[in-house]
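Just below is one structure, and these are the notes that go with it.
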Amino acid sequence: MPDDGDDNDGELDADFSFSPTSPGVGDSVSFVSNSYSTDGITEYRWQMGDSSVKYGSSVTHQYDSPGTYTVNLRITDSEGRTDSVPRTVTVEE
């Protein structure tokens, strides 16, 4: 069947950055979504890698122990589609 161009498959791309990029224990780390959706993002869910979960397009977090943490951002758009992206944060002593 030919594509009529009206399939409503909007674009959805999860992405984020954080700073500082090499935080120490107790430092406040800022996480900012750079995500994109043609249908509008309705939820930003951050798994911080230490059992903490936060919501919002930008969040801050402090780590209590040194180590490597995988932070995952999952976004949901107005059509109920989801996308996620992980990033590694290494926390120094």
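The values are calculated or read from the model by the stated rules, or taken from the named source; none is laboratory data. Keep in mind it's a predicted model, so treat the numbers as computed, not measured. All Cβ positions, even for glycine, are placed from backbone atoms using ideal geometry, and neighbour counts span all protein chains on display. Heavy atoms of the whole protein, side chains included, go into the accessibility calculation; ligands, DNA and RNA do not. Shrake-Rupley method; radii C 1.70, N 1.55, O 1.52, S 1.80 Å.
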Look at the stretch 38-62 and say how many of its residues are open to solvent by 40 Å² or more (accessible area, probe 1.4 Å), small (Gly, Ala, Ser) and farther than 16 Å from PRO86 by Cα.
0
Taking the condition touching a Leu at 6+ places or on another chain (Cβ under 7 Å) and assigned to a strand (DSSP E or B), does VAL71 pass?
no
Of everything in the stretch 43-67, what is part of a strand (DSSP E or B) and under 15 Å from ASP27 (Cβ atoms)? Give them in sequence order.
VAL59, THR60, HIS61, GLN62, GLY67
Looking only at residues that are under 14 Å from PHE18 (Cβ atoms) and touching a Gly at 6+ places or on another chain (Cβ under 6 Å) in the stretch 63-90, which one is most open to solvent (accessible area, probe 1.4 Å)?
THR70
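Name every residue in the stretch 32-77 that is of a type in the set (A, V, I, L, M, F, W, C) and over 21 Å from GLU93 (Cβ atoms), in order of residue number. Break it down stepwise before answering.
Looking only at the stretch 32-77, we keep the residues that are of a type in the set (A, V, I, L, M, F, W, C), and these are 32, 41, 46, 48, 53, 59, 71, 73, 75.
Answer for the stretch 32-77, where residues must be of a type in the set (A, V, I, L, M, F, W, C) and over 21 Å from GLU93 (Cβ atoms): VAL32, ILE41, TRP46, VAL53, VAL59, LEU73, ILE75.
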